[in-house]
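The values are calculated or read from the model by the stated rules, or taken from the named source; none is laboratory data. For clarity, every value in this text was computed on a predicted model and none was experimentally measured. Glycine also receives a Cβ, built like all others from the backbone with ideal geometry; neighbour counts cover every protein chain displayed. Protein only, heavy atoms only, side chains kept; ligands, DNA and RNA dropped before computing areas. Shrake-Rupley method; radii C 1.70, N 1.55, O 1.52, S 1.80 Å.
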Amino acid sequence: VALGAGFCDGLGYGGNTKAAIIRIGLKEMQKFCKVFYGDRQIKDETFLESCGVADLVTTCFGGRNRKCADIFAKNIAAGTPKAWDVIEAEELNGQKLQGTGTAQDVMKAIKAKGVVDAFPLFSQIHKIAFEGAKPETIIDMKLEKYY
């Protein structure tokens, strides 16, 4: 989700767009937990605690994944794309990106279960980050179920 927020920032989209990405991301996080961990009876209220929405907001406004996705989108828009590992090495002073690996793991899981269409934001973030989709497509998802 922080990658999606960073794409929005890198493209100069405003706060309302970023807020929508965060909201949709939270909904997809909840759905992911129900689909993959439903037997653990995770409560929806958990997502409103510090470990949920508070952490999500923090990472989407100031985290290293957001920062690097911002740079990723800006470079693509400028016609000078950079690979994730290059951005990581140049920007993070030895820290590691975790959002890119998470996005890959999530995509593998939802593909294996055959539920890609149920996660339009997660799927679009993966397409942008790893499949060559333009960052502007972050807002082109079919999100009828979220309105």
* Asked: Does the stretch 95-105 include one or more residues that are among the small types (Gly, Ala, Ser) and over 22 Å from residue 22 (Cβ atoms)?
  -> no
* **Residue selected from the stretch 112-122 under the condition part of a helix (DSSP H, G or I) and more than 21 Å from residue 63 (Cβ to Cβ), by the criterion nearest to the chain's Cα centre (by Cα)** => 120
* Structure fact -> Here the qualifying pairs (Cβ atoms under 6 Å; residues six or more apart or on different chains; first in the stretch 59-73 and of a type in the set (A, V, I, L, M); second open to solvent by 10 Å² or more (accessible area, probe 1.4 Å)) come out as 73/10; 73/11
* **Those residues of the stretch 85-109 which are within 20 Å of residue 31 (Cβ to Cβ) and touching a residue at least 24 places away in the same chain (Cβ under 8 Å), in sequence order** => 99, 103, 104, 106, 109
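For every residue, the table says whether it meets (1) open to solvent by less than 60 Å² (accessible area, probe 1.4 Å); (2) within 19 Å of residue 105 (Cβ to Cβ); (3) touching a helix residue (DSSP H, G or I) at 6+ places or on another chain (Cβ under 9 Å).
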| site | (1), (2), (3) |
| --- | --- |
| 9 | yes, no, yes |
| 20 | yes, no, yes |
| 23 | no, no, yes |
| 30 | yes, yes, yes |
| 35 | yes, yes, yes |
| 40 | no, yes, yes |
| 47 | yes, no, yes |
| 50 | no, no, no |
